[in-house]
Structure formats: C-alpha cells, structure tokens
Amino acid sequence: MINITPKINITIDDKEICAKENQTILQAAKENGIKIPHLCFHPALKPSGSCKLCGVEVVSPTGKQVVMLSCIMKVKEDLIVRTNSEFVKVKREQAFNKLLQMAPDSLRIRSLAKEFNVTINPPPNGCIRCRLCIRVCNEIVKAKALKMVKTENGSMVVPKIGCCIGCGTCANLCPTKIIKVVDQDNVRTITIKEEVIGQLPLERCEGCGKMFATTTFLKHVEEITFLHPDTKEHHNLCSACTKLMSNRAITEREKIKK
C-alpha cells in the first residue's frame with residue numbers, strides 16, 4: 001500500500017501552494033522558491049526561533065493579524081501568509097538591528113539585510129567624533145586636511161582631497177587609533193578606516209638614510225618657519241639624527257667653554 005502524504009493548501013504572498021503535513025511555513029516557502037530571511041534554522045535540528053528574522057504575517061485564531069516565526073509555525077489548511085507586509089518589515093528591521101547590537105561587524109547579517117532591503121544601523125567605524133584630529137590639523141598643523149560632514153549614516157570625519165601633508169599628527173592624537181599611518185615602498189599612506197586621507201612620497205634622512213617624512217610635510221615646515229628669527233638652515237634629518245646632532249652640538253659648546 002502506497003503511503004501518500006496529505007497535502008495542505010496555503011497561500012504565501014498571493015501564491016497558492018501545496019504544503020506537506022507537519023511542514024513549517026519556512027520549509028514550505030523554501031520548497032516553492034519563496035525567500036524568507038533566517039540565520040538560526042538548520043534542517044537537521046529542531047527549530048529554536050533564536051534570530052527572529054523569519055517572522056511572517058498570519059491571521060491568529062482570534063482573527064487578528066500577527067507576526068509569527070515561520071521556522072516554528074506549522075502549516076494548516078487555507079493559511080494565508082505574507083512575508084513582506086509593512087508589519088513584517090517593522091519586526092524584521094527590529095530583529096536585524098538587535099542581532100547587529102551583538103555582532104555589529106557581521107558581513108553575513110549585513111548582506112542578508114541588504115538582500116531583503118532592510119534598513120539597519122550603520123557599521124561602527126571606531127570613530128567617536130571627538131574632533132581631535134580635525135582640531136589639531138586646523139589649529140596646530142594648519143593643513144586643514146580633515147572636516148566633519150553629515151551623511152546618511154550620521155556625522156563622519158572625512159578628508160579634504162589634496163590637503164593632507166602626511167605628518168601623522170592626527171593618528172598620534174586619535175584616542176581610538178582608528179587613524180592609521182603606514183610607510184611602505186617609500187610612500188606614506190594615512191587612512192581613517194578604509195578611506196584614504198593622504199598618500200604621499202617620503203624623503204630620506206640625510207643622516208641615517210631612513211625614509212622618515214613626506215616631501216610635502218618638510219616643505220610645509222620650511223614655509224611656516226621661514227620668517228621665524230631663530231630658524232636655522234634646514235636639513236632633512238629624522239628625529240633620532242636631530243637629537244644626535246643636538247647632543248653633539250652641546251658637547252662641542254661645553255668643550256669650547258672649557
């Protein structure tokens with residue numbers, strides 16, 4: 001005798017389908033090519049409903065529209081399911097953002113949210129908007145290479161193209177160390193997260209031969225100190241060689257005094 005599994009007629013997003021007895025809404029949707037977001041479901045395990053992403057809108061026994069988890073709720077005859085109603089969108093957005101509170105940098109969660117057009121909180125970039133980098137660049141260095149702008153993801157520190165002199169002062173002051181300075185292949189690159197603030201060629205120290213500062217920075221220093229009464233002849237020396245030369249000068253002066 002052939003055992004025939006009873007079929008149950010349900011409607012998902014105005015599409016009439018035949019589901020199997022004891023199937024969940026999520027399983028029936030999957031079999032019929034209807035996408036519902038989910039992360040914690042696995043066919044080999046009993047569903048737990050932990051991620052809350054798979055919520056769908058159905059009619060409760062009292063006749064009220066409610067959102068239920070499709071990985072748990074079983075199909076029943078003449079069930080009407082909506083996977084993308086406004087009610088579902090609100091609950092889905094809440095579920096995604098709750099997961100992102102626990103895993104803010106998860107690319108899997110963010111890509112899934114993008115697939116289902118869910119508005120989510122922007123990823124953290126490590127910047128606390130203290131403006132120390134902007135202030136030191138404007139007030140002390142006077143390069144004015146950074147600014148704060150309003151974006152769709154809130155206020156952000158962004159570079160002014162072509163203004164960075166590559167001094168690295170912003171990185172030294174950044175309290176969260178999100179601004180990075182990397183010297184490689186005779187080029188200094190300064191970034192805030194993935195965005196490049198400046199990328200400039202380096203000059204070689206006349207004393208030890210080490211690549212130590214950008215050409216633009218050295219020119220900037222020369223220009224702003226040109227009229228200072230105590231300015232001496234400029235030499236391209238790194239901090240270690242400058243200190244060494246200063247110690248030698250002090251020693252020579254002491255010898256002359258004696």
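The values are calculated or read from the model by the stated rules, or taken from the named source; none is laboratory data. Predicted model only: the values in this text are computed from it and were never measured. Note: ideal-geometry Cβ built from the backbone for every residue, glycine included; neighbour counts use all protein chains shown.
Overview of results
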quantity: From 17, 34, residue being part of a strand (DSSP E or B), surrounded by 13 or more Cβ atoms within 10 Å (Cβ to Cβ) and among the aliphatic types (A, V, I, L, M); calculated: 17
quantity: Out of 38, 42, sole residue that is farther than 12 Å from residue 12 by Cβ and either modelled with pLDDT of 95 or more or basic (Lys, Arg) (or both); calculated: 38
quantity: Selection within region 158-175 - surrounded by 12 or more Cβ atoms within 10 Å (Cβ to Cβ) and either in a strand (DSSP E or B) or β-branched (Val, Ile, Thr) (or both); calculated: 158, 159, 165, 169
quantity: Candidate set from region 45-57 (those that are at pLDDT 95 or above and among the hydrophobic types (A, V, I, L, M, F, W, C)); member that is farthest from residue 109 (Cα to Cα); calculated: 56
quantity: In region 178-200, residue surrounded by the fewest Cβ atoms within 10 Å (Cβ to Cβ) [restricted to those that are acidic (Asp, Glu) and under 15 Å from residue 214 (Cα atoms)]; calculated: 185
quantity: Test: residue in region 65-77 that is of a type in the set (D, E, K, R) and in contact with a Ser or Thr (Cβ under 9 Å, 6 or more places away or on another chain); calculated: yes
quantity: Filter result (farther than 21 Å from residue 59 by Cα, of a type in the set (Gly, Ala, Ser) and part of a loop (DSSP other than H, G, I, E, B)) within region 74-131; calculated: 103, 106, 126
quantity: Yes/no for residue 47 being surrounded by 13 or more Cβ atoms within 10 Å (Cβ to Cβ), in contact (Cβ under 8 Å) with a residue 24 or more places away in the chain and within 18 Å of residue 113 (Cα to Cα); calculated: no
quantity: Qualifying residue in region 225-237 (condition: at pLDDT 85 or above and either buried (at least 17 other Cβ atoms within 10 Å of the Cβ) or not assigned by TED's automatic domain parsing to the domain that holds residue 138 (or both)); calculated: no
quantity: Per-region count, region 161-191, residues within 17 Å of residue 129 (Cβ to Cβ) and either touching a strand residue (DSSP E or B) at 6+ places or on another chain (Cβ under 9 Å) or at pLDDT 95 or above (or both); calculated: 6
quantity: In region 117-135, residue surrounded by the most Cβ atoms within 10 Å (Cβ to Cβ) [restricted to those that are under 15 Å from residue 176 (Cβ atoms) and hydrophobic (A, V, I, L, M, F, W, C)]; calculated: 133
quantity: Every residue from region 135-157 that is part of a helix (DSSP H, G or I) and either charged (D, E, K, R) or not assigned by TED's automatic domain parsing to the domain that holds residue 214 (or both); calculated: 135, 139
quantity: Condition check for residue 161: without any contact (Cβ under 8 Å) to a residue 40 or more places away in the chain, among the hydrophobic types (A, V, I, L, M, F, W, C) and within 30 Å of residue 51 (Cα to Cα); calculated: no
quantity: Residue within region 23-30 that is in contact with a Leu (Cβ under 8 Å, 6 or more places away or on another chain) and not hydrophobic (A, V, I, L, M, F, W, C) present; calculated: no
